[in-house]
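Q: Quick one: this structure, given as structure tokens, is what I'll be asking you about.
The values are calculated or read from the model by the stated rules, or taken from the named source; none is laboratory data. These numbers were taken from a predicted model, which means no experiment stands behind them. Cβ placement follows ideal geometry from the backbone for every residue including glycine, while neighbour counts extend to all protein chains displayed. Quick note on the areas: whole protein, heavy atoms, side chains included, nothing else; ligands and nucleic acids left out. Shrake-Rupley method; radii C 1.70, N 1.55, O 1.52, S 1.80 Å.
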Amino acid sequence: CLPVSLPLAAMALIVTTLLAIPLGVLSAQHYGSRLDHVIKTGFQLTLALPNIWLALLLIMTFAVGLHWLPAGGFAGWKSGVIAIKSLLLPVLALAIPQAAILARIVRAEIRDKAQENFVLGARARGLSEKDILWYHILPNAMLPVLSVMGLQFAFLIAGTVIIETVFSLPGLGRLIFQSITQRDLPVIKGVAMLLVGSVIIVNQAVDLLATLIDPRLRRQSGASS
């Protein structure tokens, strides 16, 4: 189960990040413009879509309509490219709603950090707006984004319950679903503890990564010790 669910959640988080950060930055750069309103409307529409409905829509479009990807099942990692293709639609079904959430946070953090004094100082030194955004604003905006990404990874693991059932994937999600229908309490408790442990580990990893990125946090941790 774990060899399916963990890569599925990790791939979904990668796709979430690849979608969210460029869209959030683009929306913040064009704040108040028509493009900004279009992107924000897309965020709202995406958040309004239930995961199961989005999964079925992806199946109807890319599997039934275009025949580009399989509608479900998993042949095992030994099948190579076929295994990756089997996970693409579930990854998109998990990642698209989370990308909308993360992109809104990226947009808000960039707009907030753009008002800070260090940005005024960078402009006073003659730096271009592009350099200010990528080398000053975005690195400072990433700390809250990292915290949200840690929570999202835990949510993605838990969110596989529905998605793995829809796509007939042999992961933790389908195991939980089958255990609930069969009232297998020991398995339910074991999987729940595993999910809780994964949340704790991911949050600790995010805290360590934030400490490595922000020297202020390193100084605070050193002073507290």
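Q: Could you work out what % of the accessible surface of the chain is carbon and sulfur, using a 1.4 angstrom probe and leaving DNA, RNA and ligands out of the count?
A: Numbers: 8510 of 12440 Å².
It is 68 percent, rounded to a whole number.
Q: At 0.692 mPa s and 37 °C, plugging the Kirkwood radius over alpha-carbon pairs of segment 20-94 into Stokes-Einstein gives what diffusion coefficient in µm²/s? Before the final figure, lay out each step's value.
A: Working: Rh = 14.3 Å.
Using the Kirkwood radius from Cα pairs, D works out to 229 µm²/s.
Q: Give the long-range amide H neighbours of SER168: residues separated by 5 or more places, or on another chain, with amide H under 5 Å away, using H modelled in the peptide plane at 1.01 Å from N.
A: Sorted by chain and number, the residues that satisfy this are GLY73.
Q: Of ALA108, LEU87, LEU169, which is farthest on the positive side of the dipole of the chain, counting Cα position, with +1 on Lys and Arg Cβ, -1 on Asp and Glu Cβ, and the Cα centre as origin?
A: ALA108
Q: Something else about it: Does the chain classify as rounded, prolate or oblate by the C-alpha gyration tensor (a ≥ b ≥ c root eigenvalues; a/c under 1.5 gives rounded; else a/b over b/c gives prolate, otherwise oblate)?
A: Details: a/c = 2.59, a/b = 1.53, b/c = 1.70.
Note, shape of the chain comes out oblate.
Q: Using the Cα centre as the reference, give the magnitude of the dipole from point charges on the C-beta atoms of the chain (Lys, Arg: +1; Asp, Glu: -1; all else neutral), rounded to the nearest 20 debye.
A: About 120 debye.
Q: Another question about this same structure. In whole Hz, what ³J(HN,Hα) sequence does segment 141-157 give by Karplus (6.51, -1.76, 1.60; θ = phi - 60°), x for Gly and Pro?
A: Working through the residues one at a time gives 7, 6, 4, x, 5, 4, 4, 5, 5, x, 5, 5, 4, 5, 5, 5, 5 Hz.
Q: Could you list the trypsin sites (Lys or Arg not before Pro) in segment 82-172 that lie in coil according to DSSP, counting only those with at most 10 other Cβ atoms within 10 Å of their Cβ?
A: Working: sites: LYS85, ARG104, ARG107, ARG111, LYS113, ARG123, ARG125, LYS130; in loops: ARG125.
Those satisfying the criteria are ARG125.
Q: Distance from the Cα centre of segment 91-141 to that of segment 1-78, in angstrom?
A: First find each Cα centre; the distance between them is then 22 Å.
Q: Which residue, ALA83, ALA100, ALA141, tops the fluctuation ranking in a GNM of the chain built on C-alpha contacts under 10 Å?
A: Maximum among the listed residues: ALA83.
Q: Sticking with this structure for a sec: Taking the Cα centre as origin and putting +1 on Lys and Arg beta-carbons and -1 on Asp and Glu beta-carbons, what dipole magnitude results for segment 129-204, to the nearest 20 debye? Spell out each step's value before the answer.
A: Numbers: 4 positive and 4 negative charges, 61 e Å.
Roughly 300 debye for segment 129-204.
Q: Between rounded, prolate and oblate, where does segment 13-146 land on the alpha carbon gyration tensor, with a ≥ b ≥ c its root eigenvalues, rounded for a/c under 1.5, else prolate if a/b exceeds b/c? Intermediate values should be presented prior to the final figure.
A: Numbers: a/c = 3.28, a/b = 2.20, b/c = 1.49.
Prolate.
Q: HN-Hα J couplings of segment 33-40 from phi, Karplus 6.51/-1.76/1.60, θ = phi - 60°, integer Hz, Gly and Pro as x?
A: Result, ordered by residue: 7, 5, 4, 4, 5, 5, 5, 4 Hz.
Q: How much accessible area per residue does the chain have, counting only protein heavy atoms and a probe of 1.4 Å, in square angstrom? Kindly include the intermediate steps, with their values, before the conclusion.
A: Details: 12440 Å² over 225 residues.
Ligands and nucleic acids excluded, the result is 55 Å² per residue.
Q: For n ≥ 4 DSSP H runs only, could you compute -39500 (n - 2.57) per run for the chain, divide by its residues and tell me the 222 nm figure to the nearest 500? Kindly include the intermediate steps, with their values, before the conclusion.
A: Working: 10 runs with 174 residues, N = 225.
That calculation yields -26000 deg cm²/dmol at 222 nm.
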